[in-house]
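Before any comments, here is the structure.
The values are calculated or read from the model by the stated rules, or taken from the named source; none is laboratory data. The structure displayed is predicted, hence computed values, not measured ones. No Cβ is skipped: glycine too gets one built from the backbone with ideal geometry, and neighbour counts run over all protein chains shown. For accessibility, only protein heavy atoms count, side chains too; no ligands or nucleic acids. Shrake-Rupley method; radii C 1.70, N 1.55, O 1.52, S 1.80 Å.
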Number of protein chains: 2
Amino acid sequence: MTGGSAAPPSEAPLAIVCGGGSVPQAVAEAAVRKGRRVVLFPVRGWARGDFVATYPHHWIALGQAGRFFRLARAEGCRDVVLIGAMVRPAAWQLRLDWPTVRLLPRVLRAYRGGDDHLLRGVAGILEDHGFRLVGAHDVAPDILVREGVLAGRAPNERDRKDIAQALGLLAAMGPFDVGQAAIVAEGLVLAVEAAEGTDLMLARVAELRRQGRVPTPSGSGVLVKGPKPGQDRRLDLPSIGPQTIDGVASAGLAGLAVVAGATIAADPERLVQAADRAGVFVVGVREDETR
Amino acid sequence: MTGGSAAPPSEAPLAIVCGGGSVPQAVAEAAVRKGRRVVLFPVRGWARGDFVATYPHHWIALGQAGRFFRLARAEGCRDVVLIGAMVRPAAWQLRLDWPTVRLLPRVLRAYRGGDDHLLRGVAGILEDHGFRLVGAHDVAPDILVREGVLAGRAPNERDRKDIAQALGLLAAMGPFDVGQAAIVAEGLVLAVEAAEGTDLMLARVAELRRQGRVPTPSGSGVLVKGPKPGQDRRLDLPSIGPQTIDGVASAGLAGLAVVAGATIAADPERLVQAADRAGVFVVGVREDETR
């Protein structure tokens, strides 16, 4: 019943290297909806096992570049998507295969330094082995948040100012290869994300509020996420999911703003339900809303 | 034995409004060493009680601007130093006296918004009541960190790069009125300080390291503190003390760099001892070491 050999080269199966969280599943589903065949390469210790079994797949470990290259070639894959959380592991967590060992000096150079640096290094290595790194949004554009209100009320004037301030801050930090999120409440920067990730940043603000150390009342403040300026968008686009909404609500914020067209919403239906239940807004904004 | 009425007007006693931490004591001692009379106004709930009793003093509560104005005038004070940690309290922690209530609209305008905004508001209010806000470093310049290595080894080439990256990041964030510190390890920004303060930021990095989420080995990375660009240096200069060293050591960092001439070292002797014991360096750097 399937087209088989009639498929054009671009319709070779898509290799999806799956890290943690719910985004990899959303990407796989969206690619399949667009008629693309996919082969998953879930990363042991990071990828969720639950959805993987319903797709052709091969588990890989971090450090098994050789195994990945071999299996992906055997499956006829050329395009590769890297998606999902893969916090930088400590060296002892890596299980290096021989091709990876030979790549090691290059990997280590990429590994030290900021995320941009790491990701550019990975893209170059893939390309030298005959693969093409593509963005999740290239194969599944409908996973991206669009401009406008997704859930809850529209941001008010005060929220808009907080959003603009956070976007300006993120833009200013861009050249220094730091996080993709900040929390601003009525002009006060409550938190800036770096290595800890969005969820831990939200938990910190929830704790500061419990301690009475946030001067603005509960229900004020916005979490703003966006891609770093100049970031290679084939890699590491920021993403939000239902758990982000839970964090926003626990931190007593009014809502969540993300850069439209450059942020992935995993499981948008449950995300909107969670936002409506918690009474927080979710809005896609233009990156240049700074001024 | 004292000069009494022969003192010039600038030698009227100095009012020191004391928040938390060990910096207020260091400022009082340094001012007295320079021959200045001081009257302390320790803030209830924040100031340490131990050293206060050895000076003329009046306890005040947050929100008792009227009581402060009255007592400071009665003591003949004109110059006022505000020093020490005073995390923004929740509204229910304030005990407002009547003059404060009348100032309230102005205080609230200053209170919302970032630190710069708050501090400029406070300076204006003091001046309208006949006082002059002076910087702790104006009355006690020897509490400022000087350029060069204070403790431990000299920063190596890698440390220098991390320091320059952090200074650049802090400078870029300046216009957005955010924290005064960041932690960079081998080019990777591990943490940026906002409302949580330096100690909590250090604890976060210690936790990330315990979880194996910091890719660079223990003993790499630098905490960098500096004043915000354009910040009114009469207020809220960054400060370090022995507990900062403990945090730097727990976070597995190589050392601590501060902007020379614009950072207060409280209790420098114990600070150097703590640094030598922990094997971390402390260095005063020029703010323009960015490039």
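Results, tabulated for the structure shown:
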{"quantity": "Number of positions in the range B:39-59 that are open to solvent by 10 Å² or more (accessible area, probe 1.4 Å) and of a type in the set (A, V, I, L, M, F, W, C)", "calculated": "5"}
{"quantity": "Considering residues of the range A:160-176 that are open to solvent by 10 Å² or more (accessible area, probe 1.4 Å) and of a type in the set (D, E, K, R) only, the residue farthest from the other protein chains (Cβ to nearest Cβ)", "calculated": "A:ARG160"}
{"quantity": "Any chance A:VAL32 is free of Cβ contacts under 8 Å to residues at least 24 places away in the same chain and either open to solvent by 40 Å² or more (accessible area, probe 1.4 Å) or part of a helix (DSSP H, G or I) (or both)", "calculated": "yes"}
{"quantity": "Those residues of the range B:264-291 which are farther than 22 Å from B:PHE51 by Cα and touching a strand residue (DSSP E or B) at 6+ places or on another chain (Cβ under 8 Å), in sequence order", "calculated": "B:ALA275, B:ASP276, B:VAL280, B:PHE281, B:VAL282, B:VAL283, B:GLY284, B:VAL285, B:ARG286, B:GLU287"}
{"quantity": "Which numbered condition B:ALA249 fails, given (1) more than 14 Å from the chain's Cα centre (by Cα); (2) within 13 Å of chain A (Cβ to nearest Cβ)", "calculated": "(2)"}
{"quantity": "Search result, residues across the range A:236-246 that are crowded, with 22+ Cβ neighbours inside 10 Å, part of a helix (DSSP H, G or I) and under 14 Å from the mean Cα position of the chain (by Cα)", "calculated": "A:THR244"}
{"quantity": "Cβ pairs under 7 Å, 6+ apart, first in the range B:189-216 and more than 7 Å from chain A (Cβ to nearest Cβ) and part of a helix (DSSP H, G or I), second polar (S, T, N, Q) and crowded, with 24+ Cβ neighbours inside 10 Å", "calculated": "B:THR198/B:THR244"}
{"quantity": "Residues satisfying the stated conditions in the range A:177-188, i.e. open to solvent by 10 Å² or more (accessible area, probe 1.4 Å) and either part of a strand (DSSP E or B) or under 12 Å from B:GLY179 (Cα atoms) (or both)", "calculated": "A:LEU188"}
{"quantity": "Complete set of residues in the range B:251-287 that are in contact (Cβ under 8 Å) with a residue 60 or more places away in the chain and surrounded by fewer than 18 Cβ atoms within 10 Å (Cβ to Cβ)", "calculated": "B:GLY261, B:VAL272, B:ASP276, B:GLY279, B:ARG286, B:GLU287"}
{"quantity": "Residue in the range B:181-189 that is under 25 Å from B:PRO24 (Cβ atoms) and either among the aromatic types (Phe, Trp, Tyr) or under 20 Å from the mean Cα position of the chain (by Cα) (or both) present", "calculated": "yes"}
{"quantity": "B:GLU147 in contact (Cβ under 8 Å) with a residue 60 or more places away in the chain and under 18 Å from B:VAL222 (Cα atoms)", "calculated": "yes"}
